[in-house]
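Read-outs: derived from the displayed coordinates by stated rules, not from any lab. Just so it is clear, the model here is predicted, and its values are computed rather than measured. Here the Cβ positions follow ideal geometry from the backbone for every residue, glycine too, while neighbour counts run over all protein chains shown.
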Amino acid sequence: MRDRENLLGALGLLLLCLGSAWGLFYTPPETKMASVMRIFFIHVPTAWNALLIATFAFALAVGVLFKKSPGKWDAALAATVEVACVYTVMLLIQGSIWGKPTWGTYWDWDPRLTSAAVMGVAFAGVLSLRSFAEGPRRKALWTAVATIIAYVDVPIVYFSVQMTDRTLHQNLSSPTSVSSIYHWPLRANAFALLFIGIWLIIRRARTILLEAEDDAGGSSPAPEATLVAGVEG
Amino acid sequence: MSDLPPALRATALSRGYGRRWALAGLNLELAAGRSLLVAGPNGAGKTTLLRLLAATLRPTSGSVEVLGKPPAAAREHLGLLSHRTHLYTDLTCLENLRVAARLGGRDLSKDRLGALLERVGLAGRGGTRIRECSAGMRKRLAFARLLEKDPDVVLLDEPYGQLDPRGFDFVDQLIAELASRGRTLVMSTHLVPRAAPLLRSGLLLVDGRPTWVGPAADLPSAMSERLA
Amino acid sequence: MIRPALGVLRKDLKLDLASPGRLAAVVLFSVVTLLLFSFAVGPDTSSLQRNTAGYLWLALTLSSTLALGESFRLEVEDDALEGLLLLPVPPAAIFYGKATANLLFLLALAALLVPLSFGLYGASVRGSFLELAVIIALGTAGLAGPGTLYSAMTARARGSDVMLPLLLFPLVIPVLIASVKATSLVLLGDPMGDRGAWFALVGCFDLVYWTLCGLLFGKVVDA
C-alpha cells in the first residue's frame, strides 16, 4: 500500500508538471487574456478539486456517524478536511495573484471568493474543534457533525452573496466557455491535483492514526473475562 | 426457572483508556430483585462499572443489557446516583424535583414532591436554592430525584458520600426498603462492613479486574485476604 | 417529543428568570456594542442611519455567543445534561427546547436593541412593523439554532469563549447578509420589492439548520 500511494503522488506531480508546462508555454495566447491569465490553468483545477475534496469530506462525515468504532474513518475524515483547507487556501492565494493585475484588486466580495473563504475558515474551525473533544469517539462524532454543518453552509453562502451581486455589475465571472485547446491542460492539471490530493490524504490519515494510537498508548486486547458473577439463591 | 431476562447482564464488559483498562472483562448476571455490592480500592473501576451499566459511558468492548435491552433503550427503568448531582444550582430543591418529574411525565403535585423531600430529610427546604445547599443536602436531593423516578434498577455510586451519620442511617433504611420492594440494586461503596449485611451478593474489583464474587457477607474477609 | 421539548424549554426559562444577573450582563454588553459602533463610525448621521440594520445585527450576533455559551454552561456545571439524558429525555427534545429558549432570549434582546438603535442612529421604519418583527425572528432563529448545537460542543472547552464565535460566525454569514439586507429594506424602503428573496433565504437557512441540528444533536451528546 505504501508503494502504491507514492506512485499516485509521483504520477500526480508528473501530470502537474506536464499540464502546467503545456498551459503556460505551449497553448496559443488567447486574445482577450493576458499572459497572467495562464494561472487559470492551475486555478480552475484547484477550484474543482477543493470542492471535490470537501464533498468527499462530507460523505466521510456522514459515514462516520453510522460507524460503531470510527477510528480509521475519523483519521481519513480529519485528513480530508485538512487537505480541503489547504487547497482552499491555495485557491484564494491564486485568486489574489490573478485578481491584482487583471482587475486591480487582490480581493473582492463576489460569490465564489466569499464562499471559498467561508469554507476555508469553517473547515479550519472544524479542525480546531478536535482538540477540545474528550476521547476518540467524541472527537470523531464532533468532527463529523461540524463538517456536515460547515459543508451544507457553503452553497447557502454562495447563493446569499450571489443575490447581493445582482445589484452589482457582473464583471468578475471567469470565462465560462473555454475553447477545446485548453481542455487538455486543464484536465491534466485537474487529475494531477486530484492524485496529489489523494496522496496527501492517505499520508496524513496514516499519520493521524498513528498519533491517535500513540496517545492511546497502544491497544492491547481486553483481558479474558474469567469471572462470572452469577445469581445466588 | 424464570424465562425473564436478568435485570442486568454484562458480557465481557471492558472499558479502556489507552493502555489502561479501567474495567476489564466482567461477566455479570443479576436477576431482578437481587442486590450487588461492588467493592474495591480507589481506582478499581467501581464508578466505571456503574456508568457503563447506566450507559453514560460506552464500553470499549463487551456489552451491557438492562432488562434484556441495551441500556439506552431501558433508561426509564434505570436510576443512577452518581458523583455528579445533575442539579441546577440556580433552581430550588423543589424546582429541581419538578423538572425531573415533568420531563419524566410523572405527577407534579406539591404533595407528592413535598412528601419526597420529607422522606430524604429535606422537609421545609423546598424553596432553598441548590447554590445555598450544603453537599450533604445536595446528596439528599439527588436521592429524592431517584425516589421520584422509582426505577426498577437502582445504581448507587458511593451513596454514603457527603452524608452525616444520620444520613448513613437514612441510606441503610433506603437500601432495605428498595430491596423489600423488589428493586434490583447495584451499589458501590468503601464502607463495606456497614453495607455488606444489607446486600445479597458482593463483587470485588482490583485494578479493573473482577477478582472475587460471592455472598456479600463474605466480602470483608475476601477483601482482607486479597488486599493485604 | 414535543412534550419533553416543552419541558426543557420551561426549565430553561425558569433558569433564566431565576438568576437574571447572568443574562443582564449580556444585555448590557449588547447596548455597549451599539454605542461603540456609533463612536467608531463617527457622527455622520446619514451614514449611521443608512447602516442601522448592520449595526443592529452585529450587536445581536456578538451578544448571541455570550448568551448561547451561558445556557450550556449550566448544563455542564453539575453534569445536569447527563441527568436529562438519563431521565430519559430524547436528545433532539433537549436541542429544540434549549434552542427555543435561546431564541426567545435573543428576541427579547432584539426588542430592546431595535428601539435603542432607532434612537441612537435616527432610523425609522418605512415599511411595516410586522415585517420587521418577522425578519428579526427569522434572523435570530438562524443564530439560535446552530449556536445551540455548537455551544453544546464548546461548553466544556478551555477556550470556549473564543471557540463558539470562531465556529458560529462563518456559519451564519448568510443569515447576517440576508437579515441585514431585509431589515435595511424594511427600514429604508424597498422600491423594487426585493425583500421577499432575502426573507426566503433566511427562512430556508432556518429550516435546513433547525432540522439538521436537531438530527445531529444526539451524536454530539452521545456517551
- Note on the structure: Rounded to a whole number, the Stokes-Einstein D of the protein assembly as shown in µm²/s (Kirkwood radius over Cα pairs; 10 °C; 1.306 mPa s) is 56 µm²/s
- Task: First obtain the Kirkwood hydrodynamic radius of chain B from its Cα pairs, then insert it into the Stokes-Einstein equation at 20 °C and 1.002 mPa s, and state the resulting D in µm² per second as a whole number.
- Result: 118 µm²/s
- Across peptide C:171-181, how many C-beta atoms of other chains are within 10 Å of each residue C-beta, on average? 5
- Query: Where the centroid of each part is defined by its Cα atoms, how far is the range C:34-71 from the range C:149-214 in Å?
  - Reply: 15 Å
- Helix B:93-103 vs. chain B, principal-axis angle (Cα, 0 to 90°, nearest 10): 70 degrees
- Query: Averaged across the residues of B:54-65, what count of C-beta atoms belonging to other chains lies within 10 Å of each residue's C-beta?
  - Reply: 3
- Note on the structure: Per the helix-only model, the protein assembly as shown has a calculated mean residue ellipticity at 222 nm (DSSP H runs of ≥4, -39500 (n - 2.57) each, divided over all residues, rounded to the nearest 500) of -21000 deg cm²/dmol
- Message: Can you give me the C-alpha center-to-center distance between the range B:61-98 and the range A:119-158, rounded to a whole angstrom?
- Response: 30 Å
- Message: Give the lysines reachable from C:K219 as a straight Cα distance under 20 Å; neighbours fewer than 8 places away on the same chain don't count.
- Response: A:K67, A:K68, A:K72, A:K139, C:K98
- Ranked on Cβ counts within 10 Å of their own Cβ, fewest leading, A:I198, C:I136 go A:I198, C:I136
- Message: Quick check on the exposure proxy: order C:D222, B:D90 from fewest to most C-beta atoms within 10 angstrom.
- Response: C:D222, B:D90
- When B:H86, B:H190, A:H183, A:H43 are ranked with the fewest other C-beta atoms within 10 Å first, the list becomes A:H183, B:H190, A:H43, B:H86
- Query: Is there a simple number for the mean count of other chain Cβ atoms within 10 Å of the Cβ of residues in C:74-85, and what is it?
  - Reply: 6
- Note on the structure: Straight-line reach check, A:K100, cutoff 27 Å on alpha carbons, 8 or more apart in-chain or any other chain, hits among lysines -> A:K32
- Could you go through the range C:45-50 in sequence order and give the Karplus-derived ³J(HN,Hα) for each residue, using 6.51 cos²θ - 1.76 cosθ + 1.60 with θ = phi - 60°, rounded to whole Hz, and x for Gly and Pro? 4, 5, 6, 4, 5, 4
- Query: Going by alpha carbons, how many degrees (0 to 90, nearest 10) lie between the helix axis of C:195-220 and the longest principal axis of chain C?
  - Reply: 20 degrees
- Counting only the backbone N, which residues of the range A:85-110 are under 15 Å from the spot 7 Å out from the Cα of A:L127 toward its beta-carbon? A:85-93
- Query: For chain C, what relative contact order do you get, as a whole percent, if you take Cα pairs closer than 8 Å and at least 6 residues apart?
  - Reply: 28 percent
- Note on the structure: In the structure shown, of C:K14/C:K181; B:K110/B:K139; C:K11/C:K181, the pairs separated by more than 31 angstrom at the C-alpha atoms are C:K14/C:K181; C:K11/C:K181
- List, largest first, the extents of the alpha carbons of chain C along their principal axes, each in whole Å. 56, 33, 28
